[in-house]
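Down below is the structure, laid out as structure tokens.
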Amino acid sequence: MITRSIRGSLALAGGLILAAILFAFAARQGWIGEDMDRRLVQALIGAVLVVFGNAVGKREPGAEAQPDPRPGLAAARRFFGLALVVGGLVHTLSWLFAPLEIANTLSMAAVILAMLAGLARVALSLRGPGTPAG
């Protein structure tokens, strides 16, 4: 599912848009609750964040043959992926189970904190050992 091609990215975006349209249609028909379409779309967005976060920490195919010249950066990338997975899970679960006003705030806070934690960890690893704190 994770692809680096434009075609794959457009297919994923199209799938999310199609799901949103189908959920909105189902809500208008009364098949699902009136706020359930919004909840389901947001849960899908969180699930995509989990999948992409899981892929962030993985090595690219063919990279196993050569040692990583910056192991600290690889560890930071794994941490960033883990932070995105946790943020995406909180995002998904909050939209599925929390009241709407709480879900909105909680999901945004979780993703923002995940991004900030991941970026801080990458920044620290780029600074490297022996670099003055500044």
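Here's a check for you: in the stretch 1-53, which residue that is surrounded by fewer than 17 Cβ atoms within 10 Å (Cβ to Cβ), charged (D, E, K, R) and part of a helix (DSSP H, G or I) is nearest to the chain's Cα centre (by Cα)?
Within the stretch 1-53, the match that is nearest to the chain's Cα centre (by Cα) is ARG7.
Within the set of pairs 6+ apart or on separate chains, which have a first residue in the stretch 87-116 that is touching a residue at least 60 places away in the same chain (Cβ under 8 Å), a second that is part of a loop (DSSP other than H, G, I, E, B) and open to solvent by 20 Å² or more (accessible area, probe 1.4 Å), and C-beta atoms under 8 Å apart?
What qualifies is LEU100/ASP35.
Return the residue satisfying two criteria in turn: it lies in the stretch 54-84 and is under 30 Å from LEU22 (Cβ atoms) and open to solvent by 30 Å² or more (accessible area, probe 1.4 Å), and of such residues it is modelled with the lowest pLDDT.
VAL56
The values are calculated or read from the model by the stated rules, or taken from the named source; none is laboratory data. The structure presented is a predicted model; accordingly, all values stated were derived computationally and were not measured. Neighbour counts are summed over all protein chains in view; Cβ atoms, including those assigned to glycine, are modelled from backbone coordinates with ideal geometry. Accessible surface is based on the protein model in full, side chains and every heavy atom, while ligands, DNA and RNA are left aside. Shrake-Rupley method; radii C 1.70, N 1.55, O 1.52, S 1.80 Å.
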